[in-house]
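Peer 1: For reference, the structure I am asking about is given below.
The values are calculated or read from the model by the stated rules, or taken from the named source; none is laboratory data. These numbers were taken from a predicted model, which means no experiment stands behind them. Here Cβ is always computed from backbone atoms with ideal geometry, including for glycine, and neighbour counts include all displayed protein chains. When the accessible area is computed, the model is the full protein with side chains, heavy atoms only, and any ligands, DNA or RNA have been set aside. Shrake-Rupley method; radii C 1.70, N 1.55, O 1.52, S 1.80 Å.
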2 protein chains.
Amino acid sequence: MNIVKYPSQAQWAALMQRAATVNNDARAVVADIIANVRQHGDEALREYASRFDRITLADIKVSAFEFEEAEALVSQELKDSIAQAKSNIEAFHAAQRMQEIEVETMPGVVCRQRAVPITSVGLYIPGGNSPLFSTVLMLAVPAKIAGCRNIVMCTPAGRDGKVHPAILYTAALCGVDEVYKVGGAQAVAAMACGTETVKRVSKIFGPGNRWVMEAKMQVSSAGVAIDMPAGPSEVMIIADASAQAAHVASDFLSQAEHGPDSQSILLTTSEALAEQLPEVTEELLNQLPRREMMEKSLSHSHVIVLHDDEEMMRFANEYAPEHLIINHASADALALEVENAGSVFLGPYSPESAGDYASGTNHTLPTSGYATAYSGVNLDSFTKKITFQQLSREGIESLAQSVMTMAEAEDLMAHRIAVAVRVGKK
Amino acid sequence: MNIVKYPSQAQWAALMQRAATVNNDARAVVADIIANVRQHGDEALREYASRFDRITLADIKVSAFEFEEAEALVSQELKDSIAQAKSNIEAFHAAQRMQEIEVETMPGVVCRQRAVPITSVGLYIPGGNSPLFSTVLMLAVPAKIAGCRNIVMCTPAGRDGKVHPAILYTAALCGVDEVYKVGGAQAVAAMACGTETVKRVSKIFGPGNRWVMEAKMQVSSAGVAIDMPAGPSEVMIIADASAQAAHVASDFLSQAEHGPDSQSILLTTSEALAEQLPEVTEELLNQLPRREMMEKSLSHSHVIVLHDDEEMMRFANEYAPEHLIINHASADALALEVENAGSVFLGPYSPESAGDYASGTNHTLPTSGYATAYSGVNLDSFTKKITFQQLSREGIESLAQSVMTMAEAEDLMAHRIAVAVRVGKK
């Protein structure tokens, strides 16, 4: 863990450097996979399952029996926890529903904006060591609230040909319509193109490894929407002397276990906190599994001592962190200064874990500085905002002169005539 | 103009076909331009201006003097029209401001969502025959309302080395901070990477030819946000026997003058209207310039007679048109059935021209079926929605069990410990 005291402005850029995600080698492979799935459909998916995952897929679609089986395997304690999280996520995302907006901009000129659900959405849930049923909650709950009619999900099966029970249980609970045992770039391809079994969708959500990410970028260039581009996860913590080192250390470690590329950065005005942190982190690390991976992640983390709150906020806004924890006596005031961040955690009792699972906010957030321009997943992500306008005879008459003058100035004479014929002018 | 009566469902896909936009040849050229601008900055911009536009760029940035000069060249009539349009666009986009949302999902667990402006945005305004000052209005007005701090604009200069006065006048009126005389893919590259003169931005908006579009797709894969992917413009008109053929014909023609790739489709239950349309269109066409281009565009337009309103709405929702005109006695009722469209125009007096210029709605809209998942440009496009959460000691205690259980079930033990240390558990 690298401690830097009072870096000059010239040193900032280097401290803000993210792990480079070069994906050039994935490009051709993924393009091939997409072309193959587009052409051969289910057959291609079966071939990849056999080649990459070493499993024979009898049915691509998870059966009703498998859902029942999964439900029986999830403990009551976990079911209760999931129910709690779901209820909070529902409450916060339902509050994001927008009312239809209607403005009469001039007499007889009525403009409206209405949120309409995206009809078909696809959720990708990665396989691997961590069965990310929490991500099922984060994507399926707002999709359902938005009113998406078809909600499908792809997730790889394990070596036993089955999907993790907590994932299936959560998917059924949240109203996911169909779950397919497909992982990797081929899952993204299947949802983008459709196959005999997998329903085609208009927008694809969810995290994944670099193959999945590359596939999402490629299908998005070809017309299927995606939630957002994504890189390794990251947290920035702003802390003053009021913050407990154990809290900060535990936040560093929970970020570290997202993967070896994860990055944690502490900004602090407290030299004492900065100096305590490595030791306290080491103590906690001793109680945890996955030491090697966590150490790799911690190796590109930074502890940065800055002069004052203003400098910390400037640094944070320039970095645009995915997660920003403000563990600071003036957290409320600093929150008002946040310009670029995915999600912000205020005060000593708001660890990232709370928002990762159960407080109600979404955990699918912009990484890699994308927070300068992108929002995390929210109810909007599952809707389009469509505008409507209705002009009365009076309305078109009062607007006619402006439109005709502007159309003529842009040399678009047919635009002019479309108004002229309606108001009886030449 | 192709008239098809009562096509079977099997024929629909062919009728919905968009002009293919193959951009493969642009890919390498644009990648080169981006790399060159990234490396050589202003020098590269000067080189392209000389090579592509045959002009010598003394200053890349438009000077205060040039703004003054432009203002003097715009007629009072056009200024009044622009003022009218601006006022309507402001009224409708200001109404889209969202209130901060706050929900206490459990006692002591407060979640908030707040819209925060994107700090730096870049607008691209194409050159060519039509000086699209209306697009300046559509992009700069909401950017200003959203509160974007830096609003810059690129647009190519003409052979005389100057930008069209209406474009400069509108940019100044709407509060664009800096205008650069740069067009094409190099303009997108300059705003994405920044040069000595051109400020780097986080999101790029605006239409353009296929080079510009390809550049936007490439920079968006590299981390700069864009408004949306785009293809040729299109209109779908739903009309019953109440619609006047001259209105429909004028809407076809105003679509046609957007470019030779533009597409217009009429869906109607009235055979009489369908049969009248070619002749009425021809009459209007005789009064207009650009006949050759308009005929090319009309050649891939369709007039489709369908059985009933339900079938028309189903067709329209499947096509997902950029512009949807419902010139129909039951326009209000049908508006409620719209699932996929960029912007909708209701009744006989709502031509696309109204929304293109001055009614208040935005004219930067999703083409090519993107309306299934994308919104047109609106106030959201210039903001990020950031979430905040604040847990009290009571809040973390009531949430602790759920988070710890779920973290353990996902095998993320450090996530668990971040809660445990805060509530004094192991």
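Peer 1: Can you tell me which residue among A:Gln96, A:Gln39, A:Gln84 is open to solvent by 10 Å² or more (accessible area, probe 1.4 Å), touching a helix residue (DSSP H, G or I) at 6+ places or on another chain (Cβ under 7 Å) and within 30 Å of B:Glu318 (Cβ to Cβ)?
Peer 2: Numbers: A:Gln39 fails: touching a helix residue (DSSP H, G or I) at 6+ places or on another chain (Cβ under 7 Å); A:Gln84 fails: within 30 Å of B:Glu318 (Cβ to Cβ).
Going through A:Gln96, A:Gln39, A:Gln84 in turn, the sole match is A:Gln96.
Peer 1: Take the stretch A:158-179 and flag every residue that is of a type outside the set (Val, Ile, Thr) and in contact with a Gly (Cβ under 9 Å, 6 or more places away or on another chain).
Peer 2: Listed by number, the residues that qualify are A:Gly158, A:His164.
Peer 1: May I pose another question? Hey, A:His300 hits all of (1) within 21 Å of B:His415 (Cα to Cα); (2) exposed (fewer than 14 other Cβ atoms within 10 Å of the Cβ) but one; which does it fall short on?
Peer 2: Just one mismatch for A:His300, condition (2).
Peer 1: If you don't mind, there's one more thing I want to ask. Could you check the stretch B:7-56 and list, in sequence order, the residues that are aromatic (Phe, Trp, Tyr), modelled with pLDDT of 90 or more and within 19 Å of B:Met191 (Cα to Cα)? Reasoning before the result, please.
Peer 2: The initial filter retains those residues of the stretch B:7-56 that are aromatic (Phe, Trp, Tyr), namely B:12, B:48, B:52.
Okay, now just the ones that are also modelled with pLDDT of 90 or more, so B:12, B:48.
Within the stretch B:7-56, B:Tyr48 is the sole residue that qualifies.
Peer 1: Yes or no: A:Ala331 without any contact (Cβ under 8 Å) to a residue 12 or more places away in the chain, open to solvent by less than 10 Å² (accessible area, probe 1.4 Å) and more than 20 Å from B:Leu379 (Cα to Cα)?
Peer 2: Details: without any contact (Cβ under 8 Å) to a residue 12 or more places away in the chain: no; open to solvent by less than 10 Å² (accessible area, probe 1.4 Å): yes; more than 20 Å from B:Leu379 (Cα to Cα): yes.
So A:Ala331 does not fit the description; no.
Peer 1: At positive phi, open to solvent by 10 Å² or more (accessible area, probe 1.4 Å) and either within 7 Å of chain A (Cβ to nearest Cβ) or not in a loop (DSSP other than H, G, I, E, B) (or both): which single residue out of B:Ser375, B:Ser368 fits that description?
Peer 2: Numbers: B:Ser375 fails: at positive phi.
Only one candidate qualifies: B:Ser368.
Peer 1: Could you please find all residues in the stretch B:378-390 being under 14 Å from the mean Cα position of the chain (by Cα), at the interface with chain A (Cβ under 7 Å from one of its Cβ atoms) and of a type in the set (S, T, N, Q)?
Peer 2: Initially, the stretch B:378-390 is screened for residues under 14 Å from the mean Cα position of the chain (by Cα), giving B:378-382.
Restricting the remaining residues to those that are at the interface with chain A (Cβ under 7 Å from one of its Cβ atoms) gives B:378, B:380.
The one that is under 14 Å from the mean Cα position of the chain (by Cα), at the interface with chain A (Cβ under 7 Å from one of its Cβ atoms) and of a type in the set (S, T, N, Q): B:Asn378.
Peer 1: With a cut-off of at least 3 residues that are over 28 Å from the mean Cα position of the chain (by Cα), name the helices (runs of 4 or more DSSP H) lying wholly within the stretch A:1-114.
Peer 2: Where helices (runs of 4 or more DSSP H) fall fully within the stretch A:1-114 and carry at least 3 residues being over 28 Å from the mean Cα position of the chain (by Cα), they are A:9-15, A:42-52, A:64-73.
Peer 1: Restricting to the stretch A:270-284, give me the number of residues that are over 31 Å from the mean Cα position of the chain (by Cα) and open to solvent by 50 Å² or more (accessible area, probe 1.4 Å).
Peer 2: 6
Peer 1: Check A:Gln390, A:Gln401 and return the single one that is open to solvent by 10 Å² or more (accessible area, probe 1.4 Å) and touching a residue at least 60 places away in the same chain (Cβ under 8 Å).
Peer 2: Working: A:Gln401 fails: touching a residue at least 60 places away in the same chain (Cβ under 8 Å).
So the residue among A:Gln390, A:Gln401 that is open to solvent by 10 Å² or more (accessible area, probe 1.4 Å) and touching a residue at least 60 places away in the same chain (Cβ under 8 Å) is A:Gln390.
Peer 1: Another question, then. Among the residues of the stretch A:102-113 satisfying the criterion of being among the β-branched types (Val, Ile, Thr) and within 8 Å of chain B (Cβ to nearest Cβ), which is surrounded by the most Cβ atoms within 10 Å (Cβ to Cβ)?
Peer 2: Kept after step one, since they are among the β-branched types (Val, Ile, Thr), are these residues of the stretch A:102-113: A:103, A:105, A:109-110.
Now narrow it down to the ones that are within 8 Å of chain B (Cβ to nearest Cβ): A:103, A:105, A:109.
Details: A:Val103: 19, A:Thr105: 24, A:Val109: 27.
For the stretch A:102-113, the residue satisfying everything is A:Val109.
Peer 1: Could you tell me whether the stretch B:260-269 includes any residue that is open to solvent by less than 60 Å² (accessible area, probe 1.4 Å) and within 14 Å of A:His415 (Cβ to Cβ)?
Peer 2: First, the residues of the stretch B:260-269 that are open to solvent by less than 60 Å² (accessible area, probe 1.4 Å): B:260, B:262-269.
Filter once more, so that each one left must be within 14 Å of A:His415 (Cβ to Cβ): B:262, B:264.
Scanning the stretch B:260-269, I find at least one residue that is open to solvent by less than 60 Å² (accessible area, probe 1.4 Å) and within 14 Å of A:His415 (Cβ to Cβ), so the answer is yes.
Peer 1: With the requirement that a residue be assigned to a helix (DSSP H, G or I), over 17 Å from B:Ile82 (Cα atoms) and open to solvent by 10 Å² or more (accessible area, probe 1.4 Å), what does the stretch A:414-426 give you? Can you show your working first?
Peer 2: In the first step, residues of the stretch A:414-426 are kept if they are assigned to a helix (DSSP H, G or I); the result is A:414-423.
If we keep only those that are over 17 Å from B:Ile82 (Cα atoms) too, we end up with A:414, A:417-418, A:420-423.
Those that are assigned to a helix (DSSP H, G or I), over 17 Å from B:Ile82 (Cα atoms) and open to solvent by 10 Å² or more (accessible area, probe 1.4 Å): A:Ile417, A:Val421, A:Val423.
Peer 1: So which residues in the stretch B:119-134 are more than 9 Å from chain A (Cβ to nearest Cβ) and touching a Ser or Thr at 6+ places or on another chain (Cβ under 9 Å), if there are any at all? Steps first, answer last, please.
Peer 2: Our first condition is that a residue be more than 9 Å from chain A (Cβ to nearest Cβ); within the stretch B:119-134, this holds for B:122-128.
B:Gly122, B:Leu123, B:Tyr124, B:Ile125, B:Pro126, B:Gly127 - these are the residues of the stretch B:119-134 that are more than 9 Å from chain A (Cβ to nearest Cβ) and touching a Ser or Thr at 6+ places or on another chain (Cβ under 9 Å).
Peer 1: Of all residues in the stretch B:334-352, count the ones that are crowded, with 24+ Cβ neighbours inside 10 Å and β-branched (Val, Ile, Thr).
Peer 2: Counting residues in the stretch B:334-352 that are crowded, with 24+ Cβ neighbours inside 10 Å and β-branched (Val, Ile, Thr) gives 1.
Peer 1: Could you check A:Val116 against (1) more than 7 Å from chain B (Cβ to nearest Cβ); (2) of a type outside the set (Lys, Arg); (3) within 19 Å of A:Val201 (Cβ to Cβ); (4) open to solvent by less than 30 Å² (accessible area, probe 1.4 Å) and say which number it fails?
Peer 2: (1) is the only condition that A:Val116 fails.
Peer 1: Report whether or not A:Asn286 is polar (S, T, N, Q) and in contact with an Asp or Glu (Cβ under 9 Å, 6 or more places away or on another chain). Before the answer, list the steps.
Peer 2: On the way: polar (S, T, N, Q): yes; in contact with an Asp or Glu (Cβ under 9 Å, 6 or more places away or on another chain): no.
No.
Peer 1: Check A:Val403, A:Val338, A:Val344 and return the single one that is part of a strand (DSSP E or B) and outside the structural domain of A:Val121 (by TED's automatic domain parsing). Before you say what the answer is, go through the steps one by one.
Peer 2: Values: A:Val403 fails: part of a strand (DSSP E or B); A:Val338 fails: part of a strand (DSSP E or B).
Answer to the selection: A:Val344.
Peer 1: Among the numbered criteria (1) within 12 Å of another protein chain (Cβ to nearest Cβ); (2) modelled with pLDDT under 95, which single criterion is violated by B:Ala249?
Peer 2: (2)
Peer 1: Would you say A:Arg290 is outside the structural domain of A:Ile326 (by TED's automatic domain parsing) and out of contact with any Pro (no Cβ under 7 Å at 6 or more places or on another chain)?
Peer 2: Spelling it out, it is not the case that A:Arg290 is outside the structural domain of A:Ile326 (by TED's automatic domain parsing) and out of contact with any Pro (no Cβ under 7 Å at 6 or more places or on another chain).
Peer 1: Being open to solvent by less than 20 Å² (accessible area, probe 1.4 Å), assigned to a helix (DSSP H, G or I) and not assigned by TED's automatic domain parsing to the domain that holds A:Val201 is the requirement here; does A:Gly355 meet it? Spell out the reasoning first.
Peer 2: Working: open to solvent by less than 20 Å² (accessible area, probe 1.4 Å): yes; assigned to a helix (DSSP H, G or I): yes; not assigned by TED's automatic domain parsing to the domain that holds A:Val201: yes.
Yes: the conditions hold for A:Gly355.
For every residue, the table says whether it meets (1) out of contact with any helix residue (DSSP H, G or I) (no Cβ under 8 Å at 6 or more places or on another chain); (2) within 13 Å of chain B (Cβ to nearest Cβ).
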{"residue": "A:Met294", "(1), (2)": "no, yes"}
{"residue": "A:Ile304", "(1), (2)": "no, no"}
{"residue": "A:His307", "(1), (2)": "yes, no"}
{"residue": "A:Ala316", "(1), (2)": "yes, yes"}
{"residue": "A:Ala329", "(1), (2)": "yes, no"}
{"residue": "A:Val338", "(1), (2)": "no, yes"}
{"residue": "A:Leu346", "(1), (2)": "no, yes"}
{"residue": "A:Gly355", "(1), (2)": "yes, yes"}
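Peer 1: Here's a follow-up. Name the single residue that is farthest from A:Ala64 (Cα to Cα) among those in the stretch A:142-157 being in a loop (DSSP other than H, G, I, E, B) and within 18 Å of the chain's Cα centre (by Cα). Walk me through it before giving the result.
Peer 2: Residues of the stretch A:142-157 that are in a loop (DSSP other than H, G, I, E, B), as a first pass: A:147-149, A:155-157.
Filter once more, so that each one left must be within 18 Å of the chain's Cα centre (by Cα): A:148, A:155.
Details: A:Cys148: 22, A:Thr155: 16 Å.
So the residue we want is A:Cys148.
Peer 1: Tell me which residues, restricted to the stretch A:391-426, are within 7 Å of chain B (Cβ to nearest Cβ) and among the acidic types (Asp, Glu).
Peer 2: Within the stretch A:391-426, A:Glu410, A:Asp411 meet the criteria.
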